[in-house]
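Scroll down for the structure; my scribbles are underneath it.
No lab work stands behind these numbers, since they all come straight from the coordinates. Remember, it's a predicted structure, so these values are computed and weren't measured experimentally. Note that we place each Cβ from the backbone using ideal geometry, even for glycine, and neighbour counts take in every protein chain shown.
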């Protein structure tokens, strides 16, 4: 009651009523006069908002002042006291209210302005969505010869949308693969895990470009928005930015004005752009021949427009992919490829410094140059410019993994898989990590999906070969390696892995090339029991290369398995100083360190041996902490327990390893288990391995007609 009494005493209510009356009158004038004068509706909106936010300011002023016939006077705080000037705190309060009202008015006006612009442009928010994929556009040209243009524009839009805030954009590579499989946009969206799909068609006649666009809700398949665009081909970059802005304004509760979305990597030459898109078409085929053709196209685009930054980036990328590396396409030496790529990237950066792909490729160049810190910095820069650049996340995963930053690497891999779930690299590496973590059923499903998605790739069979080997299913593993070899017969890794399983099964009568026979001669002699010939071979090699630590260790291992332990111990301890720390503790076997530790124990070098054992034990603990539980780590735990004299734990861990699929034929000969040789439980486990190997050998011969 006291508050209302003060309102009456200070004449606040009378002032506010007068203000509201004036405001109503002003709004009536605005509603009548502004349409006649054809003034912008925003002017009326501005006046309305100004009147609304002025209300609290008038209220505050009317509390402390009143308008009289003698002018504006200060209202007394109390009728019994004289009138005092308004204090600093009261003026500060007025300033706060004025600023707050102005801020509120700015927000209200901005939102109304954005809503009006959306309505005017036909881009009122039709769905709140945070993810999208751009499907390859259909080629509607009469001769069906413009796929490079249709796919190229869709790929460029994917990159453009990926740089815009608050939007997850699936990789164009995954979208392209699903389109090639004939999936509908809705089915593709569900596979990609996105809420919306942008699809369309492209037709170019002369210098005219016609696009039809359709935005689809993947949840129910309903069309949210369509548009038809007909412009000159030279306006393609403006078209792409216009589409990008419209999509964001349709899906997000904000408004991007014209000019806020830009395509910085553009060219003034339509011909250069067309040639560049032809290069991208060849690049996506990912063969040595297509990459060589892509390189030519990018060079032609640069010849037409030497200022075309993106063409330099494409050229650097193609050159890098042509380097001789197990994961690349092998016609250029890595040093030359990295140097050429670096030169072209430098030209791109001079012309345009904010192309995300350029930084990702720069990271790969740094990787070839063995500059780990610069590598990660480049990948991070690429991701900061385009958080949806899947290849940058994928390469970052590989680099973090190389630097033993395992938890971070898994996060990068998961992001890469989220953005690019239908990619050989992401599917393969994700399934490999699942295998390491004991998620064999899930890994098997993903490798099988990889085979269905990419039947021409051997990588799915390679993954299944690894899983079946780890499960102890050596016959199936051999079959998968054989299938991988049939797809890629010159792959050295597949050749070695196939032969490794053959020797594991003691199948030594299969033909090998001269090169492979030379590389596997000692292994063949070992498995077939020709020990005297084996030791003669090793003595000859040691005489030829007496300072090679790996050769010393190999000879030591053969002696420890089937020869004279004293010679093996001497050779193993001799090799110790020749290894770097990284080489000594190589996981998952922690070998050759763990074998050398045993040899040191036999040589009364207990302290040195224990240092190595502790380091291996620590690495096993770290792996277990990261969720890695495969049979190799379990077998290593058994060896560590044996070296520490805990025979009971060693038997327990060895039994677990065998149950997980450990089937190495030399287990009963392992010198690290010398103290267990007479243990009945150890003998039972060894017999179990031998029996299962015999069973797998018979299955393999039946499956492969050996």
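See the values below:
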quantity	calculated
Gap separating the Cα centres of region 665-706 and region 1-21, nearest whole Å	98
Label point distance in nm, residue 577-residue 354, each placed 7 Å from Cα along Cα→Cβ	5.9
Virtual spin-label span in nm between residue 4 and residue 223, 7 Å along Cα→Cβ	6.1
DSSP-defined beta bridges in the chain - what % are antiparallel, rounded to 5	75
Share of Cα-Cα pairs in region 131-251 lying beyond 24 Å, as whole percent	20
Calculated FRET efficiency for the pair residue 269/residue 369, C-beta based, R₀ 30 Å, to 0.05	0.35
Within region 341-373, backbone nitrogen closer than 11 Å to the virtual label 7 Å beyond the Cα of residue 380 toward Cβ	373
Helix 334-351 vs. the chain, principal-axis angle (Cα, 0 to 90°, nearest 10)	10
Contour excess over end-to-end distance, with Cα ends at residue 537 and residue 694 and 0.36 nm allotted per residue	53.7 nm
Likely footprinting exposure, 617, 145, 548, fewest C-beta neighbours within 10 Å first	145, 548, 617
Sites residue 648 and residue 452, calculated FRET efficiency, Cβ-Cβ separation with R0 56 Å, nearest 0.05	0.75
Inter-label distance, nm, simple model (7 Å from Cα along the C-beta direction), residue 187/residue 59	6.1
From the coordinates shown, Kirkwood radius over Cα pairs in Å corresponds to which of (1) 31.4; (2) 34.3; (3) 27.8	(1)
Rounded tilt (10° steps) of 147-162 against the dominant C-alpha axis of the chain	70
Exposure proxy order (Cβ contacts within 10 Å, fewest to most) of 365, 169, 186	186, 365, 169
Residue order, fewest to most beta carbons within 10 Å, for 156, 242, 6	6, 242, 156
Cα gyration tensor shape for region 519-704, rounded if a/c is under 1.5, else prolate or oblate	oblate
Region 126-160-region 434-460 distance, computed between alpha-carbon centres (Å)	29
Residue-span extension gain [residue 407 to residue 13] - 0.36 nm each, minus C-alpha spacing	135.3 nm
Contour minus Cα-Cα distance for residue 99 and residue 303 (0.36 nm per residue)	67.8 nm
Förster-model FRET efficiency, 51 Å R0, residue 687 and residue 287, C-beta, rounded to 0.05	0.55
Nearest-ten-degree value, helix 390-402 long axis tilted from longest Cα axis of the chain	50
Part-to-part distance (alpha-carbon centres) for region 336-368 and region 272-325, which is given in Å	13
Share, in percent, of DSSP beta bridges within region 131-251 that are antiparallel, nearest 5	75
